[in-house]
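Student: Supplied in structure tokens, the structure appears directly below.
The values are calculated or read from the model by the stated rules, or taken from the named source; none is laboratory data. The structure displayed is predicted, hence computed values, not measured ones. Glycine gets a Cβ as well: all are built from the backbone with ideal geometry, and neighbour counts include every protein chain shown. SASA here: full protein model, heavy atoms, side chains in, ligands and nucleic acids out. Shrake-Rupley method; radii C 1.70, N 1.55, O 1.52, S 1.80 Å.
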Amino acid sequence: IDLAGTYTVTLNVNPTIAGLNLGGSSDTQTLLGANREITINGPTNIAANGLLQMTSSNVDGTGTITNDGSVVLLNTATGTTTSIYNRGLLTLRSNTVLNGPLVTSANSVIRVEGSTAGGPASVNIVNGFANEGVLELTSTSGHGASLSVLSGLLANAVNGTIRSVAGSGGGR
């Protein structure tokens with residue numbers, strides 16, 4: 001899904017894929033899934049102009065999602081073997097659980113966001129990870145945000161930043 005132009009591709013099936021490239025040379029290309037089971041068994045690359053948005057879904061498989069663009073997970077869970085390598089913006093809302101490995105880079109942002117769309121954000125990251133970029137807790141419309149690391153440690157690297165940011169609703 002990498003042709004230039006602003007458009008959205010909506011999943012209407014529960015696919016198993018060997019890999020995916022999302023994001024073209026200009027504009028914004030969006031892959032949208034709601035109430036889906038998607039199995040990724042190979043490299044999935046979200047380019048700078050790509051947006052992957054999953055709502056009330058499960059993302060499973062042995063593949064790695066490399067994010068240089070934007071990934072939004074709302075009330076979504078990843079499988080224990082599904083890795084996320086975040087070099088872009090990873091927005092986590094509602095009751096999202098990252099069961100697999102999470103790796104960040106110096107330019108990455110993980111935003112745990114309570115929102116009107118998802119209500120309070122209660123995000124669980126099952127395995128510890130090293131924050132190399134920005135880890136941000138914020139909210140909109142007064143909905144709170146919390147992050148729990150269930151096992152392992154959250155290590156904040158020398159260049160990493162953890163911050164609580166007042167959202168448009170003033171809540172945290």
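Student: Give me the residue from segment 131-161 that is under 17 Å from the mean Cα position of the chain (by Cα) and surrounded by fewer than 15 Cβ atoms within 10 Å (Cβ to Cβ) and, out of that set, modelled with the highest pLDDT.
Tutor: It comes out as Ser148.
Student: Keeping to segment 12-30, report how many residues are open to solvent by less than 50 Å² (accessible area, probe 1.4 Å) and either among the charged types (D, E, K, R) or touching a Leu at 6+ places or on another chain (Cβ under 7 Å) (or both).
Tutor: 4
Student: Across segment 58-86, which residue is farthest from Glu132 (Cα to Cα) among those that are open to solvent by 50 Å² or more (accessible area, probe 1.4 Å) and touching a residue at least 40 places away in the same chain (Cβ under 8 Å)?
Tutor: Asn75
Student: Return the only residue of Asn41, Asn95 being modelled with pLDDT under 95, within 28 Å of Gly152 (Cβ to Cβ) and not small (Gly, Ala, Ser).
Tutor: Asn95
Student: Continuing with the same structure: Quick check: anything in segment 57-65 within 10 Å of the chain's Cα centre (by Cα) and part of a strand (DSSP E or B)?
Tutor: Yes - at least one qualifying residue is present in segment 57-65.
Student: Being crowded, with 17+ Cβ neighbours inside 10 Å and under 13 Å from Thr82 (Cβ atoms) is the filter; apply it to segment 40-51 and report the residue that is nearest to the chain's Cα centre (by Cα).
Tutor: Top of the filtered list is Thr44.
Student: Same structure, new question: Cβ contacts < 6 Å: first residue farther than 12 Å from Leu73 by Cα, restricted to segment 105-117; second residue acidic (Asp, Glu), any location; separation 6+ or different chain. Result?
Tutor: Ser105/Glu132; Ala106/Glu132
Student: How about segment 113-130: which of its residues are in contact with a Pro (Cβ under 9 Å, 6 or more places away or on another chain) and at pLDDT 90 or above?
Tutor: Asn127, Phe129
Student: Would you check which residues across segment 95-130 are small (Gly, Ala, Ser), open to solvent by 10 Å² or more (accessible area, probe 1.4 Å) and in contact with a Lys or Arg (Cβ under 8 Å, 6 or more places away or on another chain) and list them?
Tutor: Result: Ser105, Ala117, Gly118.
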